[in-house]
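Just below is one structure, and these are the notes that go with it.
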Amino acid sequence: MTSESKPSGRAGSGAAAQQSILRMSAPLVVSFWMRSLFTFVDTAYAAYLGDAAVAAIGYSIPLEFLLIACWVGVSTGLTSCLSRAMGAREGARIEQLLGAARRIMWSLMPLFAALAVALYFGANRLGLEPETTRLFAIYAGVLVGGSAFTAFWSIIPDSIVKAHHDTRSTMWAGIWSNVINIVLNTLFTFVFGWGVFGIALSTVLGRLGGLIYALRKAASHESERKASGLDISPTLDPSPLRSIMVLAVPAALTYGLMALETSLVNWLLTDQPHATSSIAAYGIYYRVMLFAMMPIIAASVAVLPFVARRYGEGDLAAVRQGLRQVVGVSAAYCIVIVAPALAATSGTVAGLLAESQTTADLTRVALWLCPVACLALIPFQLIRPAFEGLQRGGPGLVLAVLRYVILALPAAFAGRELAIEIGAPAIHGIIVGLIVASALSSVIFLAWMQRVLERLERRFADRDGDPIAERVRSSGAPGPAPAP
């Protein structure tokens, strides 16, 4: 964001009373680091079982992204709509949105239960080594099948607390989930000896702790909202399900395309020398990269309700300021913290998580590329939820298609071939190619957001000249944002 505009509409009035985007992000950083450990812990415990177990879990990353895609998709749509309705004091619309979200939950559960059965019985068609195939079938079947019944119901309470800007409760839900996961992982792996079955089951059961905590906090927030008497607008949503899905579908497809990228990497590595070691190394690299990205991902979760609430209040200046702050702080974090930390610990991390020396060597070099990968992803990660907060799901989907479909395959393939040509491991060339694709997509995203904000500022300026809108603002009621 290049310039700070003068607040328009009710600009500044709502923003002054609400948390800044950085304060909202702070508890989420802790929460998402804990949630990252949720799956990173699985890889750490799998390392005790050998490279085949690590590779099986690494091969499950696309499935985890599929779960995340549906979870984040619905959460995105619901959180954005709830935040805007709260900003506009539309209590009746909030109830409509919550009812529509419950119908979506009941649809997702049987779909993922059926997928788990298909994964368990169809794993032998993936062309993996026999031991990796057996472990993948167990891990993927339990993780996907169990998550169908424990993960999706947390969407509604999680969206409610985020719409209320209570990111501290989101943090504690993540902490409870991960603590339970670690305890059960230790028990199932070292005491009961259940192997990857126990690792997957502990992840599934651990989510229940966060769900119970989030349900309690969401109920408390909603009781306070209803008792406050501030929801004075009787406005109803003519199609609450559509309002959620118009944002949920693009967001879900975006994360689904991320799963496509990890599947692409696994496919490009399958026919290479040391395929199991390469897939295991990429799985470790990806876990570490996600862990390093957690503060940025956490900030992106805060961006959505922050922008949606400011948009509902008509405060585009706060949107600009918040985006500038979060992008700048994220870049500083990558340069000052991530780069030195991984430069100092990459060898240790690779040695701890890899069984063979080949896997450790491939992992160590891959980890040196993590800080660059994080930097390249910052605008792509942060600007997408800002568009969703502006009630626009299309830009995120368009850029995801560009990033994960149009650019990913040629970039990864070119990187692999170049690496082979110069005698380097294919995995390192693939990672460099994907970093280039991320950087190009981020630049385009930033330019697009700049144009959209400029166009919205002109529309708000036109609205400010409307005497009816001026009387509404002077009365102290929220000024509705113009239609997307």
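From the list 333, 286, 282, exactly one residue is touching a Ser or Thr at 6+ places or on another chain (Cβ under 9 Å), modelled with pLDDT of 85 or more, of a type in the set (Phe, Trp, Tyr) and surrounded by fewer than 24 Cβ atoms within 10 Å (Cβ to Cβ). Which is it?
Working: 333 fails: touching a Ser or Thr at 6+ places or on another chain (Cβ under 9 Å); 282 fails: surrounded by fewer than 24 Cβ atoms within 10 Å (Cβ to Cβ).
After applying the criteria, what remains is 286.
Mind listing whichever residues of the range 262-277 are open to solvent by 10 Å² or more (accessible area, probe 1.4 Å) and not aromatic (Phe, Trp, Tyr)? Outline the logic, then answer.
Of the residues in the range 262-277, the ones open to solvent by 10 Å² or more (accessible area, probe 1.4 Å) are 263-264, 267, 270-277.
Answer for the range 262-277, where residues must be open to solvent by 10 Å² or more (accessible area, probe 1.4 Å) and not aromatic (Phe, Trp, Tyr): 263, 264, 270, 271, 272, 273, 274, 275, 276, 277.
Determine if the range 62-74 includes at least one residue that is hydrophobic (A, V, I, L, M, F, W, C), modelled with pLDDT of 85 or more and farther than 25 Å from residue 45 by Cβ.
yes
Go through the range 45-94 and give me each residue that's in contact with a Phe, Trp or Tyr (Cβ under 6 Å, 6 or more places away or on another chain) and closer than 30 Å to residue 233 by Cα.
Within the range 45-94, 72 is the sole residue that qualifies.
Conditions tested, residue by residue: (1) among the aliphatic types (A, V, I, L, M); (2) within 27 Å of residue 216 (Cβ to Cβ).
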| position | (1), (2) |
| --- | --- |
| 109 | yes, yes |
| 112 | no, yes |
| 123 | yes, no |
| 132 | no, no |
| 147 | no, yes |
| 158 | no, yes |
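Can you work out which of the residues in the range 408-423 that are without any contact (Cβ under 8 Å) to a residue 60 or more places away in the chain and open to solvent by less than 40 Å² (accessible area, probe 1.4 Å) is nearest to the chain's Cα centre (by Cα)? Walk me through how you get there before you give the answer.
Kept after step one, since they are without any contact (Cβ under 8 Å) to a residue 60 or more places away in the chain, are these residues of the range 408-423: 410-411, 414-415, 417-423.
Narrowing the set further to residues that are open to solvent by less than 40 Å² (accessible area, probe 1.4 Å) leaves 411, 415, 419.
Values: 411: 23, 415: 26, 419: 30 Å.
It comes out as 411.
Pick from 148, 140: which is surrounded by 20 or more Cβ atoms within 10 Å (Cβ to Cβ), at pLDDT below 85 and in a helix (DSSP H, G or I)? Write out each step before concluding.
Numbers: 140 fails: at pLDDT below 85.
Of 148, 140, the one residue that is surrounded by 20 or more Cβ atoms within 10 Å (Cβ to Cβ), at pLDDT below 85 and in a helix (DSSP H, G or I) is 148.
When you go through 133, 170 one by one, which is the residue that is crowded, with 19+ Cβ neighbours inside 10 Å and modelled with pLDDT under 90? Working first, answer last.
Values: 133 fails: crowded, with 19+ Cβ neighbours inside 10 Å.
None of the other options fit; the residue is 170.
Output the residues belonging to the range 62-107 that are charged (D, E, K, R) and either open to solvent by less than 10 Å² (accessible area, probe 1.4 Å) or in a helix (DSSP H, G or I) (or both).
As a first pass, look at the range 62-107 and keep what is charged (D, E, K, R): 64, 84, 89-90, 93, 95, 102-103.
Passing the criteria: 64, 84, 93, 95, 102, 103.
Out of all the residues in the range 226-257, which are part of a loop (DSSP other than H, G, I, E, B), touching a residue at least 24 places away in the same chain (Cβ under 8 Å) and either open to solvent by 70 Å² or more (accessible area, probe 1.4 Å) or among the polar types (S, T, N, Q) (or both)?
Initial filter on the range 226-257 (part of a loop (DSSP other than H, G, I, E, B)): 229-239.
When the remaining residues are screened for being touching a residue at least 24 places away in the same chain (Cβ under 8 Å), the result is 230-237.
Hits for the range 226-257 are 230, 232, 233, 234, 235, 236.
The values are calculated or read from the model by the stated rules, or taken from the named source; none is laboratory data. All values derive from a computational prediction rather than experimental measurement. We place every Cβ from the backbone using ideal geometry, glycine too, and count neighbours over all the protein chains shown. Side chains are part of the model used for accessible areas, which takes the heavy atoms of the whole protein and leaves out ligands, DNA and RNA. Shrake-Rupley method; radii C 1.70, N 1.55, O 1.52, S 1.80 Å.
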